[in-house]
Amino acid sequence: RTARPGEVMNTENNATPSIRHAGRLIAYTSHQISRALDACIAAEVHPDLTGMRGLVLGHIVRTVQSGQPLYQRDLEECFRIRRSSVTAMLKAMESAGFITRTPVSQDARLKSLAPTVKGLACYESLERCIAAFEHQLRDGVTQADLNALIKTLERLRQNAGTALQRQGAPAQGTNHKE
């Protein structure tokens, strides 16, 4: 086969093509992981939950169970996603019956997040599903390799943030969709 744009053929034993752009490989890998986690959660927990919604629901349950209040802006910061993305996701989760959003008496613009009975019922199987998925994802990866990957990804994230700042764009948010 011939190389696609952005790829170079690996000449060793006609192996799988390697992607020469780190960003492209990371984006492709992220997309594949997201799709696999979405499929896992939809099949094993609830078809109305995606990977991101599941992660958010888990965070909401753990935070509320610890006695701490939780607001949309906390999710924006924690998951590093834009306000509009969080708003759309929370509306969908509320519509599906996983969470409630209750206006705070001191500031009607703030809405406190809490899991519903349905959300709580999904929580334990959600946590098991995510743990099993993470275990499968790390299969064959040593702790040293994982540590090196995390260090490298953090450096690449910082470099991308610097590039964004040079272009005058905010470095905090991402374009990730739920």
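The values are calculated or read from the model by the stated rules, or taken from the named source; none is laboratory data. The shown structure was predicted, so the numbers you read here are calculated from the model rather than taken from an experiment. We place every Cβ from the backbone using ideal geometry, glycine too, and count neighbours over all the protein chains shown. Side chains are part of the model used for accessible areas, which takes the heavy atoms of the whole protein and leaves out ligands, DNA and RNA. Shrake-Rupley method; radii C 1.70, N 1.55, O 1.52, S 1.80 Å.
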Within the group THR102, THR87, which residue is out of contact with any Asp or Glu (no Cβ under 8 Å at 6 or more places or on another chain) and open to solvent by 40 Å² or more (accessible area, probe 1.4 Å)?
THR102
Is it the case that some residue within the stretch 121-142 is surrounded by 16 or more Cβ atoms within 10 Å (Cβ to Cβ) and of a type in the set (Gly, Ala, Ser)?
no
If the Cβ limit is 6 Å and pairs must be 6+ apart or interchain, which residue in the stretch 72-98 that is under 15 Å from MET52 (Cα atoms) pairs with which residue that is exposed (fewer than 13 other Cβ atoms within 10 Å of the Cβ) and not aliphatic (A, V, I, L, M)?
GLU76/ARG83
Of the residues PRO69, PRO47, which is farther than 23 Å from GLU134 by Cβ, assigned to a loop (DSSP other than H, G, I, E, B) and open to solvent by 50 Å² or more (accessible area, probe 1.4 Å)?
PRO69
Under 9 Å by Cβ, and 6 or more places apart or on different chains, what pairs join a residue from the stretch 39-57 that is at negative phi with one that is among the charged types (D, E, K, R) and crowded, with 22+ Cβ neighbours inside 10 Å?
ILE41/ARG53
Among the listed residues THR16, THR29, identify the single one that is β-branched (Val, Ile, Thr) and either modelled with pLDDT of 95 or more or part of a loop (DSSP other than H, G, I, E, B) (or both).
THR16
Does the stretch 112-122 contain at least one residue that is touching a strand residue (DSSP E or B) at 6+ places or on another chain (Cβ under 7 Å) and either closer than 21 Å to ILE33 by Cα or part of a helix (DSSP H, G or I) (or both)?
yes
State yes or no: is ARG166 loosely packed, with under 14 Cβ neighbours inside 10 Å and modelled with pLDDT under 95?
yes
Given (1) at negative phi; (2) not in a helix (DSSP H, G or I), index of the condition GLY97 fails
(1)
